[in-house]
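I have a structure I would like to understand better, so I am pasting it below and will then ask my questions one at a time.
FYI, it's all coordinate maths here, none of it is from the lab. Worth saying up front: this structure is predicted, and the values here are computed from it rather than measured. No Cβ is skipped: glycine too gets one built from the backbone with ideal geometry, and neighbour counts run over all protein chains shown.
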Amino acid sequence: MKIKNAILILLLGMLLPVEADEVPAFIKGLDGTTVPNKTPAEAPENWLLAHVDVETTGLVPGYHEMIDIGIIMTDLEGNEIDRLFIRIMPNHPERTAPGAAAVNGFSVERWTERGFVSTSDAVDQMVAFHHRVADGREVLFVGYNAWFDISFVDHLFRNSGRTWRELYHYFVLDLPSMAWSLGIHDLGGPGMNDQLQIEAETSDPLKHTGITGAVSNVDVYRAILKKSARE
């Protein structure tokens, strides 16, 4: 009898209406995004590049967090238009990996001394910067190992119930991949800098930030364009 009752309860449960999961705000935000009518090849004047670099508390997006971000907006030729740097206090600084702190110098005490904003304020500043500089133009996200940077930006926006697609096209450009197509397989470091004939970014953890990374990214992008034009 107990088995029959259990089966009956199971069948009744299957017949009851199931409520749909609540759609997260960062998914609803996609409804406001649009697809551009013309590609960068067709209308380069309608497109910009956001060269982005983030520093984090570790390597795992969604567990570790951003502690700063640098953005340099350029045209498609790499000519700088404007830049933004934001220092962020993570919600879980206790998760900071020692290796990450050794690279970017993060500590609660140091960020308190230098000044910081909250994660939600960081999103607001990024959105305001984007709309002021882009002024209606489409923007491509450019990064060095771009999946890493865009993944952390994604989680930053999700935590505020928003989507990074408010700012950037869904295609993301990765600099090492671009260099790879030109025969440069170093994936960073002195080897790539030597082949592109550019200066390396600082390795001093007290000077290494998202904005120094973004500056280096622009240098790499310009060097790739020059090398591509020669070949």
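Between Arg222 and Arg165, what is 0.36 nm times their sequence separation minus the Cα-Cα distance? Round to one decimal in nm.
Between Arg222 and Arg165, full extension yields 18.0 nm more.
Right, something else. Using R₀ = 45 Å, calculate the FRET efficiency as 1/(1 + (r/R₀)^6) where r is the Cβ-Cβ separation of Lys28 and Asp204; round to 0.05.
Calculated value: 0.60.
With springs only between Cα atoms under 10 Å, which of Gly136, Gly78, Gly210 fluctuates most in a Gaussian network model of the chain?
In this elastic network of the chain, the residue with the biggest mean-square fluctuation among Gly136, Gly78, Gly210 is Gly136.
Let me ask something else. Using Cα atoms only, what is the angle between the long axis of helix 210-230 and the major principal axis of the chain, expressed in degrees (0 to 90) to the nearest 10?
60 degrees
Between Val117, Val52, Val35, where does the largest GNM mean-square fluctuation fall for the chain, given springs only between Cα atoms within less than 10 Å?
Of Val117, Val52, Val35, the Gaussian network model singles out Val35 as fluctuating most.
Another question about this same structure. Work out the FRET efficiency for Val103 and Glu42 from their Cβ-Cβ distance, taking R0 = 41 Å, and round it to the nearest 0.05.
0.55
Given the DSSP H assignment, sum -39500 (n - 2.57) over each helix run of at least 4 residues in the chain and divide by its residue total; what's the result at 222 nm in deg cm²/dmol, nearest 500? It would help to have the intermediate numbers written out before the result.
Values: 9 runs with 96 residues, N = 231.
It lands at -12500 deg cm²/dmol.
Counting other Cβ atoms within 10 Å of each Cβ, which chymotrypsin sites (Phe, Trp or Tyr not before Pro) in segment 130-196 have at most 11 and sit in a DSSP loop?
Answer by residue number: Tyr170, Phe171.
Can you work out the base-10 log of I(q)/I(0) for segment 167-231 at q = 0.25, 0.29 1/Å, using the Debye formula on its C-alpha atoms alone?
For segment 167-231, the Cα-only Debye profile gives -1.13, -1.32.
At q = 0.08, 0.11, 0.17 Å⁻¹, what base-10 log of I(q)/I(0) does the Debye formula yield for the chain when every alpha carbon is treated as an equal point scatterer in vacuo?
Values returned for q = 0.08, 0.11, 0.17 Å⁻¹ are -0.37, -0.61, -1.28.
Right, something else. Apply 1/(1 + (r/R0)^6) to the Cβ-Cβ distance of Trp147 and Asp82, taking R0 = 25 Å, and write down the FRET efficiency to the nearest 0.05.
0.50
Report, by chain and number, residues whose modeled amide H sits under 5 Å from the one on Thr209, excluding near sequence neighbours (fewer than 5 apart, same chain).
When sequence neighbours closer than 5 places are left aside, there are no close amide H contacts.
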